[in-house]
Amino acid sequence: MHPLDPADDGDRAWLRALVWPGPQAADRLARLDAAAEVATREPARMLAGDLNDLLPEAVSLAPSGCTVVVFHTAVLLYLRRADREAFVRQVRSLPVRWIAQEGRGVLPDIDAALPPVGRARFGLSLDGRALAGTAPHGGRIDWLPDARGLVVR
């Protein structure tokens, strides 16, 4: 609803505070700082508000002839079920490629295609079809056997 601006010192400090502690924290902080520097030099257009309300507008901002990719990771969990379902219907109706990485229980159709939980606590999907089971924060990807056929078109 309220995107953070990586060029703002306060927003950047908040983002750094959200990095999980542990043995990989230093690497995560370095990646965050590097990404924030790029985003500061080349700012993206940010739309503030509800994703379901703004998705069509965001897609319409792309130049004609380009492939629009809607990407999200660990976002839909924070929506009510009805809003999640509305998002899925909407993104499927738009001329976009849709890449999602969401925790189990968020996109039931993706969950059904994944192996038992184990290390794969999230599902990675393309256009609503499961590609892999993943660890949170992208630490591990366990590709499904037929994933290559889904990615290459």
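Descriptive notes on the structure:
- Those strands (runs of 3 or more DSSP E) lying entirely in segment 68-132 with at least 3 residues over 17 Å from Pro145 (Cα atoms): 69-73, 97-103
- Contact map, segment 4-17: residues that are of a type in the set (Asp, Glu) paired with residues that are open to solvent by 60 Å² or more (accessible area, probe 1.4 Å) and outside any loop (DSSP other than H, G, I, E, B), Cβ distance under 7 Å, separation 6+ or inter-chain. No pairs are found.
- Taking segment 63-86 as the range and being open to solvent by less than 60 Å² (accessible area, probe 1.4 Å) and more than 13 Å from the chain's Cα centre (by Cα) as the test, the residues that pass are Val68, Leu79, Asp83, Arg84, Ala86.
- Segment 17-41: number of residues that are modelled with pLDDT of 95 or more and of a type in the set (D, E, K, R): 3
- Look at segment 64-91: where a residue is under 24 Å from Ala132 (Cβ atoms) and a partner is in a strand (DSSP E or B) and open to solvent by 30 Å² or more (accessible area, probe 1.4 Å), sitting 6+ places away or on another chain with Cβ atoms under 7 Å, you get Thr67/Arg97; Val69/Arg97; Val69/Ile99; Phe71/Ile99.
- Scanning segment 62-92 for residues that are among the aromatic types (Phe, Trp, Tyr) and touching a strand residue (DSSP E or B) at 6+ places or on another chain (Cβ under 8 Å) turns up just one, Phe71.
- Out of Ala48, Ala58, Ala7, Ala44, sole residue that is in contact with a helix residue (DSSP H, G or I) (Cβ under 9 Å, 6 or more places away or on another chain), within 28 Å of Leu126 (Cα to Cα) and part of a loop (DSSP other than H, G, I, E, B): Ala48
- Cβ-Cβ under 7 Å pairs, at least 6 apart or on other chains, segment 99-114 side closer than 17 Å to Arg140 by Cα and charged (D, E, K, R), far side open to solvent by less than 20 Å² (accessible area, probe 1.4 Å) and in a helix (DSSP H, G or I): Glu102/Leu76
- The sole residue among Val117, Val106, Val59 that is open to solvent by less than 70 Å² (accessible area, probe 1.4 Å), at negative phi and modelled with pLDDT under 95 is Val106.
- Segment 1-49, subset of a type in the set (D, E, K, R) and surrounded by fewer than 11 Cβ atoms within 10 Å (Cβ to Cβ), residue nearest to the chain's Cα centre (by Cα): Arg45
The values are calculated or read from the model by the stated rules, or taken from the named source; none is laboratory data. Nothing here was measured: the structure is a model prediction, and the numbers come from that model. Note that we place each Cβ from the backbone using ideal geometry, even for glycine, and neighbour counts take in every protein chain shown. Note: accessible area is taken over every heavy atom of the protein model, side chains too, but ligands, DNA and RNA are not part of it. Shrake-Rupley method; radii C 1.70, N 1.55, O 1.52, S 1.80 Å.
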